Amino acid sequence: MADFLPFTRPTIDEDMISAVGDVLRSGWITTGPQVAALEAELAAYIGGSRQVRVVTSATGALEIALKVLGVGPGDEVLVPAMTFVATANVVTRLGASVRFVDVGLRSRNATAAAFEAAIGPRTKALMPVHFAGLPVEMDAVNALAARHGLRVVEDAAHAIGSRLGGRQVGSFGDIACFSFHPNKNMTTVEGGALVYGDPALSGPIEAERWHGGIKDPDGQVDVISAGGKYNLTDVAAALGRAQLKRLDGFNARRRELIGRYFERLEPRLPSDWLPDRGDDGHSWHIFAPLLPFADLGYSRVEFIRRMKERGLGVGIHYQAVPALSLYRQLGHDPGRYPNAARIGAETVTLPLYPAMTIADVDRVCAAVLELTGR
Ligand SMILES: *Cc1c(COP(=O)(O)O)cnc(C)c1O
């Protein structure tokens, strides 16, 4: 049988391995010059004169972002019903409440209109998620937030390298948070970044990132808050710098592979099974069509098993967040978000990563068409 194709796999080349080795041999392995260089390189990559602070995960970045924007108990934050659970959990951890917003069936993104319809008297912030790397209509979302005096924290975990009208995601708006988890389009093993415009946020973000500490000009440290511990290591940052150099190439390769997926599947599958194609600004973190298991006569678990039998990995991104036990217990009704509910029940993430070949895509498509009788 042909090699097993996982649904994702990071690309780690010899330059990356040697960059990590150099740091390990250097005598300084935690936060230091590599972190500072990665932050500067990310700021240059994203453009728009942004501040960048890297941390140990996007989850940590999102929590810090909401916290420094003043979200806390009594506040409500608008979160798409279809996202990774971290987007909602950070709100819950801060003692604020989540109000879910349904997403577009094919875009998986919440629109400005959907956010607007959910605004209530306690709404403090909104969290657009650029799902799969397809940018949310941020001009409309930011204008809406400005009209209502709300803050915007973008969950850009899927969207490093995504562009909206020629601008990088993260280059405008309050705060965007990126993930460098190994499944994401670039990796530091684990890691994330806050990208923001207002330099006055740097002090509070740095304090949250490292024990509430601030340094005076002489290098003396004082502590201003009970901050956390989210600093990235130089080992991780060295990997991130080498990944960032190849990011545009990785994303271009993802788009080529997606081109082949659409060429093979679009003529054969109903249009609502396929996600929005977007334009060249789409960074294609995942390729996740919907399959109507209720009509196919077998379950998603069985589909995953049959794909595995054919040497093909399948992921699930994601269950609808209001359907998870925690959010049901908090009183949310998953039935109120029909698109998220359908995506949650039908989504399958098919193999997509830069090292795949066109022949690999053909193999996946042949299996999907066979198993769906198309
Ligand atoms: C991966 C992911 C996160 C969390 O990223 P980590 O770096 O693993 O904390 C948050 N939101 C979304 C939408 C994600 O996909």
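Is the chain rounded, prolate or oblate when judged by the Cα gyration tensor, a ≥ b ≥ c being the square roots of its eigenvalues, rounded requiring a/c under 1.5 and prolate requiring a/b larger than b/c?
Values: a/c = 1.96, a/b = 1.26, b/c = 1.55.
Oblate shape, in that a/c is at least 1.5 and b/c is the bigger or equal ratio.
If we sort 2-9, 286-293, 190-197 on the protection proxy, mean other Cβ atoms within 10 Å, highest first, what's the order? Mind showing how you got there, number by number?
Working: 2-9: 15.6, 286-293: 19.5, 190-197: 25.0.
The densest-packed peptide leads the list: 190-197, 286-293, 2-9.
Leaving out ligands and nucleic acids, and using a 1.4 Å probe, what accessible area per residue does the chain come to in Å²? Could you put the intermediate results ahead of the total?
On the way: 15240 Å² over 374 residues.
The answer is 41 Å² per residue.
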Round to a whole angstrom and tell me the spacing of the C-alpha centers of the stretch 20-42 and the stretch 175-240.
-> 14
Considering only lysines 8 or more places apart in sequence, or on different chains, count the pairs in the chain whose C-alpha atoms sit under 30 Å apart.
-> 11
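Quantify, in whole percent, the carbon and sulfur part of the accessible surface of the chain (1.4 Å probe; protein heavy atoms only). Walk me through the intermediate numbers first.
Details: 7980 of 15240 Å².
Whole-percent figure for carbon plus sulfur exposure: 52.
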Determine, for each peptide in 244-251, 266-273, 330-337, 343-350, the mean count of other beta carbons within 10 angstrom over its residues, then list the peptides with the highest first.
-> 343-350, 244-251, 330-337, 266-273
Rounded tilt (10° steps) of 58-68 against the dominant C-alpha axis of the chain = 50
Checked the stretch 247-371 with the C-alpha gyration tensor, a ≥ b ≥ c its square-rooted eigenvalues, rounded below a/c of 1.5, otherwise prolate if a/b is larger than b/c and oblate if not; verdict prolate
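The values are calculated or read from the model by the stated rules, or taken from the named source; none is laboratory data. For clarity, every value in this text was computed on a predicted model and none was experimentally measured. Note that each Cβ is placed from the backbone with ideal geometry, even for glycine, and that neighbours are counted across all protein chains shown. Each accessible area value is taken on the protein alone, full model and side chains, heavy atoms only, with ligands, DNA and RNA left out. Shrake-Rupley method; radii C 1.70, N 1.55, O 1.52, S 1.80 Å.
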